[in-house]
Amino acid sequence: MKKTTLSISGMHCASCANVLTRALQKVEGVQSAVVNYSTEKGMVEFDEIRTTEETLIETVKKKGYRATIFKAEHAHHEEILKEKEIGRLRRKVILSALLSFPALLIGMIFMDEGILFSGFELPFAEYLLFVLTTPVQFYVGKTFYIGTLAAFKNKTANMDSLIAIGTSASYFYSVAVVFFSVEGFQYFEVSAVLITLVLLGKYLEAIAKGKTSQAISKLMRIGAKTATVLRGKKEVKIPIEEVQKGDLILVKPGEKIPVDGEIIEGHSALDESMVTGESIPVEKKKGDFVIGSTINKQGTLTFRATKVGSETVLARIIKLIEEAQTKKAPIQRFADEVSAYFVPVVIGIAILTFVIWFFILNAELSFSLIAAVAVLVIACPCALGLATPTAIMVGTGKGAGKGILIKGGDALEAAHKVKFVVFDKTGTITKGKPEVMDIIPKNGTTKEKLLQISSSIEGKSEHPLAEAIVKKAEKEKIRTVKVTAFKAIPGHGIQGRIKNRDYFIGNFKFMTEKRVNLSSLEKEIRILEMEGKTVMVVAEGRKVLGMISVADEIKEDSPKAVSILKSMGVIPYLITGDNQRTATAIAKKAGIELVLAEVLPDEKAKQVKELQRKGKVAMVGDGINDAPALAQADIGIAMGSGTDVAMETGNIVLMRDNLLDVPKAIKLSKMTMTKIKQNMFWALIYNVLGIPIAAGIFYPFTGWLLNPIIAGGAMALSSVSVVTNSLLLRRKRF
């Protein structure tokens, strides 16, 4: 399966996005497709054997829109195009206002039926109104006709349909009154002012939508533009696009790291805040990895490029955010379903309004027509279509600025319902850098001999505890010996052969399986484990040689993060392969009461599944051995400073190894969902209240009848208010 992002232009409202989503989903070989009106992007996952990108583009074109394959390097060009589009809208709004405002004044003041004054008539006023409003109707308002035709071709209707039908009815009725002596009043200024107000709303909406995607724009701008590459003994400055894997790159103090790589010479502190959100500079030395676009604060560094172009951490973060902003939250489906039926229903209500007033209640033609037009105009579901995507764009962008990458609206919505958070122990609650605490020889074995045997065998293991023993041996300058027949038993221990003798290193259960008698050590082991230490017994055959205890300190922020989660009503769990006593001791230090101990790596997902019966579960792990559990959980939260696996695993990626970001991610989800619900409430209540007033239901009792001009202004204001409400999320602290 291949994923591709389409840049789509020509969409007029959320209904257009729904039409394209359905069209792309019907293409043979397409597994999933989502088009987002707010971002003007389409995310498509498809089988390359059964279809192609060209077919997807052609599908979009057949529906009356334009599409190209989006590439990160084209982002700046797209920004320029969007700026041009905003400029074009601004010019049309100004032109429309310059023509509509005089028309409004004439209609209000210099006509017999003027709103403010009557009897103060301007000669040929009706013909002057025709001259002023015709360019507005057909030049400025052309976009609404194009949108309507596109919708009709696709056997649907959209916001443009409502505006085009409403203003056309008003305009052509006025033409009939002025030029063909049809009885009634002209309403040229109504159609012109409506188009101006709706276009003004679109212009303000375009500006606001641009602000919702500022997080991506900001990340795109911070990338380095050039790199100083070492060619032999020469320093050559080249564009960032020409850097290749394996190039040696020199970075001086104050310069940006151009691409990802591994330091081969030098020592410095790097400002990684633009990628991880961490404000404190991070110390870097030989062998450490550096992230492109971070800033070198002090020393000079030489590093080897390991990832360039779209492979860099920054490029992948941008891609993740773009995908996240395209993915729909489940709550968006409700808005989509409402929008799909809303426009045809509104057209039906408008026709019914006209029929009832004109044919049943015998109202004047002009009165009946204006009531129908007001219904069409005020009921535009544009605000409803913008309610969810704009909030998600701001929410995901805000999270990215703090080093919290949320992979889509579905993850953002699910996170606010989390009842349980399950923490992996090693590298999540703890620092993931265990150290040897005690070396306790038994049965005549020396410390040196015990450390030599254990480090020789553990040297073949990749387990963090094994690394601690090997480091201890290196520090003590203990020479290792040759090991054969090495075997690792996950969650239990390891074994190996030295000089034809079999050795076993592992936990109590492992030793019992190997028939090693530990009865004399039980009390000692229990005391060490109650101190939060992991005890490994070393045996030669069935003879105990001694014990080595290893401890992994908890992170400083673990207790505070757990405390915040509890205050939010979230129940924390600790899950680990350690025995119950050690796990309980570590959990107690972190403030966690509920412990799932002695859980093998492949059993973690099963434990998460069991817990899911009680409520929504978030699993927090390092993104490597916790992958099955992260996938099983309702929300997988991967820790890991931009590591490859963390980027691919889980629904939320915490770029900093900081547990305080776990409650922050949940808080951000709650804040975003609150905004979405506020937006949807106002969008729906606006239509529920506006349509009856526009239809004139209250007119016989109160004299209330909504002027189409006021309806148009209210409709434009509703869309702008929804986007503005979403933008207020940027000011919230979490």
(message) Suppose R0 equals 22 Å. What FRET efficiency, 1/(1 + (r/R0)^6) with r the Cβ-Cβ distance, do Lys606 and Lys566 give to the nearest 0.05?
(response) 0.30
(request) Could you tell me the distance between the Cα centroids of the stretch 547-584 and the stretch 717-734, to the nearest Å? (result) 38 Å
(message) Checking the a/c ratio against 1.5 first, then a/b against b/c, what shape does the Cα gyration tensor give for the stretch 245-299?
(response) prolate
(request) Might you tell me the accessible area per residue for the chain, computed with a 1.4 Å probe and given in Å²? (result) 46 Å²
(request) For Gln298 paired with Leu705, estimate the spin-label separation in nm (one decimal), with each label point 7 Å from Cα along the Cα-to-Cβ line. (result) 7.9 nm
(message) Take the residue pairs Lys604/Lys664; Lys256/Lys475; Lys225/Lys460; Lys431/Lys604 and return only those whose Cα atoms are more than 32 Å apart.
(response) Lys256/Lys475; Lys225/Lys460
(request) Determine, from the Cβ-Cβ distance of Glu474 and Arg88 and an R0 of 60 Å, the FRET efficiency 1/(1 + (r/R0)^6), rounded to the nearest 0.05. (result) 0.35
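Does the stretch 410-473 come out rounded, prolate or oblate, given a ≥ b ≥ c as the square roots of the eigenvalues of its C-alpha gyration tensor, rounded meaning a/c under 1.5 and, failing that, prolate meaning a/b above b/c?
Prolate is the answer for the stretch 410-473, as a/c is 1.5 or above and a/b outweighs b/c.
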(message) If each DSSP helix of 4+ residues adds -39,500 (n - 2.57) and the sum is divided by the residues in the chain, what number results at 222 nm, nearest 500 deg cm²/dmol?
(response) -15500 deg cm²/dmol
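On the accessible surface of the chain, probed at 1.4 Å, how many percent belong to carbon and sulfur atoms?
That fraction is 57 percent.
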(request) Would you please give the FRET efficiency between Glu183 and Phe138, computed as 1/(1 + (r/R0)^6) with r the Cβ-Cβ distance and R0 = 30 Å, to the nearest 0.05? (result) 0.70
(message) Place a point 7 Å from Cα of Phe334 in the direction of its Cβ. Which residues in the stretch 673-701 have their backbone N less than 16 Å from it?
(response) 673-688
(message) Run the simple label-point estimate for Ser310 and Tyr127 please: 7 Å along Cα→C-beta, distance reported in nm.
(response) 6.3 nm
(request) Within 10 Å, count the other beta carbons around each residue, average over each peptide in 608-616, 398-406, and list them highest first. (result) 398-406, 608-616
(request) Would you please put 593-599, 372-378, 654-660, 697-703 in order of how densely packed they are, using the mean number of other Cβ atoms within 10 angstrom per residue and starting with the highest? (result) 372-378, 654-660, 593-599, 697-703
(request) Highest first, please rank the peptides 542-549, 434-441 by the mean number of other Cβ atoms sitting within 10 Å of their residues. (result) 542-549, 434-441
(request) Report the one residue of Val483, Gly532, Ser719 whose Cα lies farthest in the direction of the positive end of the charge dipole of the chain (charges on C-beta: Lys and Arg +1, Asp and Glu -1; origin at the Cα centre). (result) Val483
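The values are calculated or read from the model by the stated rules, or taken from the named source; none is laboratory data. It should be emphasised that the depicted structure is a prediction, and the values quoted were computed from it without experimental measurement. Backbone-built Cβ (ideal geometry, glycine too); neighbour counts: all protein chains shown. Note: accessible area is taken over every heavy atom of the protein model, side chains too, but ligands, DNA and RNA are not part of it. Shrake-Rupley method; radii C 1.70, N 1.55, O 1.52, S 1.80 Å.
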